[in-house]
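Take a look at the structure below.
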Amino acid sequence: MGDFLFGRTVGMLKDAMDGAGATHGAIANNIANVNTPNFRRTDVSFKDALAAVDGPPASGDDLPLVTTSALDIPLAGAYDPADFKITTTVDQTQQMRLDGSNVDVDQEMAKLSLNSGYAQTMGQLLQNQYTRIRAAIEEHF
Amino acid sequence: MGFYTSIEVSASGLSAERLAMDTIANNIANVNTTRTAEGGPFKRQLVVYAQKNAPTASADGAGDGGGDAASGAGVQVVGIVNDQTPDRLVYDPGHPDADANGYVHMPNVDVVKEMVDMMAASRAYEANVTAIQESRSIDGSTLGLLKA
Amino acid sequence: MDYASTISKVVPGTFVPDIGAATNLDERPNIGPIPALDSAAGIGQADAPSFKDTLNAVLSDVNDKINASDQATRDLADGKTNDMQKVVTSVEEANLALNFTMALRSKLLDAYTQVSQMQV
């Protein structure tokens, strides 16, 4: 039994933002250590865990509550956030750098930019979810 | 992420790279210094980087990255050491610091190598600055959730 | 909007002028007894979709749009799609559909309140 007010989309978006935050931390650490000899970079993965906790797609008549109006708060299935885990792995591959480090600063910058765009998109979508719920509660947009 | 925010991690990178650039600038300035306080010519200096681990990590020593993967807290400079490669010998018998055979011991600083190191440190510095900017924009968009 | 047949279900035999029937271009009101429900003479068209059906269609469409936008959002979050335009347009369409439904709802409530306050 999960949260009745916020459906599984809100839960997934919150977990996605957690994952993006952890990824940013790992990338920042990799960038700070770009000149450290024999350094091993770390990777964070969370999207597979996110996909795993997502259930089947909701069909039109799949709501447990009969809504007599679209203004009823849509409950697309409660989301249990306990199943989501962020995995951090140490990348042990060797790179052809003389000082033995396997950080490639250009790849890290590209990952940083991608992750930052992802985090902001998730933030905007989450804000939109909250706005919709608030509109249904307050009965105006 | 442990105790350290990602801005602190990136800031540690900034100070380490700034120290590296200062060291390199010193090396280039002293490329012709044949007399130092310790006697002998100037010796090229290197910066030794090591990864800083967060306090909650297993105390695994610095630089090998084998500790707890999730607790990287940035980088720190653990020392500035002298480069032990031999001095450059230049044949100049008229020089006041020439030795018995007429060779002058010049610093083991190679300006070209120093410039390359300077570019690497500068690029790493800029990468850390970009990481801080991205961190702030993520925080900003998170705060935007509170707006209506 | 078939006011005549709607009102005739509540109060049989009441005089109801013919307001806005599409088939009657003449401005003279049509005064006469209320035709039976299954007779189509002069009052709208019997096979036009009723208001109830239209309302149901609109509501289920809004529901579908909201579900589609949530599904697209979840796909973007777990990396199943990288198409941000599709997600953003479907989210915005769902928002607009919800907005439209709420405006519809206020208009209906206003109309109902006005009608219920009508002095008979």
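The values are calculated or read from the model by the stated rules, or taken from the named source; none is laboratory data. Computed from a predicted model, the values in this text were never measured in an experiment. Using ideal geometry, Cβ is built from the backbone for each residue, glycine included, and neighbour counts are taken over all protein chains shown.
A few remarks follow.
- Count of segment B:111-148 residues which are of a type in the set (Lys, Arg) and either more than 9 Å from every other protein chain (Cβ to nearest Cβ) or in contact (Cβ under 8 Å) with a residue 12 or more places away in the chain (or both): 2
- Sub-7 Å Cβ pairs linking a first residue in segment A:13-41 that is at negative phi to a second residue that is modelled with pLDDT under 90 and acidic (Asp, Glu), at least 6 apart or interchain, are A:Pro37/A:Asp99; A:Arg40/A:Asp91; A:Arg41/A:Asp91, ordered by first then second residue.
- Residue satisfying condition, being more than 10 Å from every other protein chain (Cβ to nearest Cβ) and within 22 Å of A:His24 (Cβ to Cβ), within set A:Asp104, A:Asp91, A:Asp83: A:Asp104
- Filter result for B:Asn108 (outside any helix (DSSP H, G or I) and in contact with a Ser or Thr (Cβ under 8 Å, 6 or more places away or on another chain)): yes
- Every listed requirement among (1) farther than 30 Å from B:Asn30 by Cβ; (2) at pLDDT 90 or above is met by B:Pro107 save one, (1).
- Candidates in segment A:110-126 are the residues that are buried (at least 18 other Cβ atoms within 10 Å of the Cβ) and closer than 19 Å to C:Asp70 by Cβ; of these, the one that is farthest from the other protein chains (Cβ to nearest Cβ) is A:Tyr118.
- Which numbered condition B:Gly61 misses (of (1) farther than 23 Å from B:Val112 by Cα; (2) at pLDDT 90 or above): (2)
- B:Ala50 surrounded by 12 or more Cβ atoms within 10 Å (Cβ to Cβ), among the hydrophobic types (A, V, I, L, M, F, W, C), within 22 Å of A:Val34 (Cβ to Cβ) and modelled with pLDDT of 90 or more: yes
- Checking C:Ala36, C:Ala46, C:Ala22, C:Ala41 one by one, the residue that is under 17 Å from the mean Cα position of the chain (by Cα), in a loop (DSSP other than H, G, I, E, B) and at pLDDT below 90 is C:Ala46 and no other.
- For A:Asp91, the criteria (1) touching a strand residue (DSSP E or B) at 6+ places or on another chain (Cβ under 7 Å); (2) farther than 24 Å from A:Ala51 by Cβ; (3) charged (D, E, K, R) hold in every case but one, which is (2).
- Flag for C:Leu109 being aliphatic (A, V, I, L, M), closer than 27 Å to A:Gly7 by Cβ and surrounded by 12 or more Cβ atoms within 10 Å (Cβ to Cβ): no
- Taken over segment C:71-90, the criterion of being of a type in the set (S, T, N, Q), in contact with a helix residue (DSSP H, G or I) (Cβ under 8 Å, 6 or more places away or on another chain) and assigned to a helix (DSSP H, G or I) is satisfied by C:Thr73, C:Ser90.
- Pair list, Cβ < 8 Å and 6+ apart or interchain, from segment A:80-100 residues that are surrounded by 14 or more Cβ atoms within 10 Å (Cβ to Cβ) to residues that are among the hydroxyl-bearing types (Ser, Thr, Tyr) and at pLDDT 85 or above: A:Ile86/A:Ser45; A:Thr87/A:Ser45; A:Thr88/A:Thr42; A:Val90/A:Thr42; A:Asp91/A:Thr42
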